[in-house]
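Peer 1: Can you keep this structure in mind? I'll have questions shortly.
The values are calculated or read from the model by the stated rules, or taken from the named source; none is laboratory data. In this text the structure is predicted, and so the values were computed from the model without any measurement. When we count neighbours, we look across all protein chains shown, and the Cβ atoms used for this are built from the backbone with ideal geometry, even at glycine.
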Amino acid sequence: MISKEEDTDIYRKYKRMRPFGMVANSYDLKQADDLLPMMIKYTYDNTSGEKIIRDFPEDIIKRNWIENWKKTDNISALKASCRYAANFIPVKQRSLNIKEGVDLNSNQIQLAALMEHNRWVIEKLLLGFRAPTPQEAADMTPEKREYYKARFIHQDIKAYQNLGEDAKGVNVKIYDINISHSLPYMVRAYNIK
């Protein structure tokens with residue numbers, strides 16, 4: 001419907017968009033306040049170096065989900081991002097043979113982290129973000145990152161191997177790596193089949 005050509009539509013932003021996915025695995029409104037997106041957020045918020053989060057206490061996760069959003073203006077988009085990441089976990093399980101409560105090997109971690117980054121890039125592109133031009137990238141100091149994000153320009157829309165540090169000086173790859181490390185324990189806590 002959104003890619004349909006009409007005579008009066010000169011700028012068709014979504015003309016090349018095509019649906020993908022499985023009807024049986026589509027988004028469900030009951031997932032809006034599900035624990036799995038809360039686990040994703042909890043893992044992101046507790047990233048300070050490479051580590052595996054094995055325990056997901058429900059009361060702490062729910063409190064984190066409510067309280068840590070107070071620090072940002074873009075709550076809806078970030079909650080949706082956590083939900084999209086959670087909805088992608090079954091795909092990673094099937095693709096990488098992730099077992100409940102069993103640590104991933106280094107190859108599985110790297111592939112899961114790459115999958116997560118690629119999923120995130122597609123999410124951002126579908127939302128209308130773009131990568132910076134070379135001039136914008138050269139001008140993107142930590143102070144100006146929010147300025148560019150507000151204009152839908154994100155410095156991390158690039159190949160996984162080219163990711164660098166965020167405004168806090170943390171290598172951005174660590175977020176995807178920690179999510180990957182913790183996947184088997186999220187699966188166990190949530191009991192995904």
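Peer 1: Quick one: count up the residues across segment 65-107 that are of a type in the set (Lys, Arg) and at pLDDT 90 or above.
Peer 2: Here is the first cut: in segment 65-107, the ones of a type in the set (Lys, Arg) are 70-71, 79, 83, 92, 94, 99.
Remaining after also requiring at pLDDT 90 or above: 92, 94, 99.
Qualifying residue count, segment 65-107: 3.
Peer 1: Can you tell me which residue within segment 40-61, out of those that are closer than 17 Å to Ala86 by Cα and part of a helix (DSSP H, G or I), is modelled with the lowest pLDDT?
Peer 2: Per the criteria, the residue is Asp45.
Peer 1: Could you say whether any residue in segment 108-115 is at pLDDT 90 or above and not hydrophobic (A, V, I, L, M, F, W, C)?
Peer 2: As a first pass, look at segment 108-115 and keep what is at pLDDT 90 or above: 108-115.
Subsequent filtering for residues that are not hydrophobic (A, V, I, L, M, F, W, C) retains 108, 110.
Yes: one or more hits.
Peer 1: Can you name the residue in segment 127-145 that is touching a residue at least 12 places away in the same chain (Cβ under 8 Å) and surrounded by fewer than 12 Cβ atoms within 10 Å (Cβ to Cβ) and is also farthest from Ile177 (Cα to Cα) among such residues?
Peer 2: Going residue by residue through segment 127-145, those that are touching a residue at least 12 places away in the same chain (Cβ under 8 Å) are 127-132, 136-137, 140, 142, 145.
Filter again for surrounded by fewer than 12 Cβ atoms within 10 Å (Cβ to Cβ), leaving 128, 142.
Working: Gly128: 25, Pro142: 23 Å.
The extreme case among them is Gly128.
Peer 1: Right, next: Whether any residue in segment 114-122 is more than 19 Å from Ser182 (Cβ to Cβ) and without any contact (Cβ under 8 Å) to a residue 24 or more places away in the chain is what I want to check.
Peer 2: Yes, segment 114-122 contains at least one residue that is more than 19 Å from Ser182 (Cβ to Cβ) and without any contact (Cβ under 8 Å) to a residue 24 or more places away in the chain.
Peer 1: Right, another one. If we scan segment 131-139, do we find a residue that is part of a helix (DSSP H, G or I) and within 26 Å of Lys62 (Cβ to Cβ)?
Peer 2: Within segment 131-139, none of the residues are part of a helix (DSSP H, G or I) and within 26 Å of Lys62 (Cβ to Cβ).
Peer 1: Within segment 148-192, restricting attention to residues that are in contact (Cβ under 8 Å) with a residue 60 or more places away in the chain and in a loop (DSSP other than H, G, I, E, B), which residue is nearest to Ala112 (Cα to Cα)?
Peer 2: Ranking the qualifying residues of segment 148-192, first place goes to Ile192.
Peer 1: Mind listing whichever residues of segment 64-113 are among the hydrophobic types (A, V, I, L, M, F, W, C) and surrounded by fewer than 17 Cβ atoms within 10 Å (Cβ to Cβ)? Explain how you work it out, then say what you get.
Peer 2: Within segment 64-113, the subset among the hydrophobic types (A, V, I, L, M, F, W, C) is 65-66, 69, 75, 77-78, 80, 82, 85-86, 88-89, 91, 96, 98, 102, 104, 109, 111-113.
Within segment 64-113, Ile66, Trp69, Ile75, Ala77, Leu78, Ala80, Val91, Val102, Leu111 qualify.
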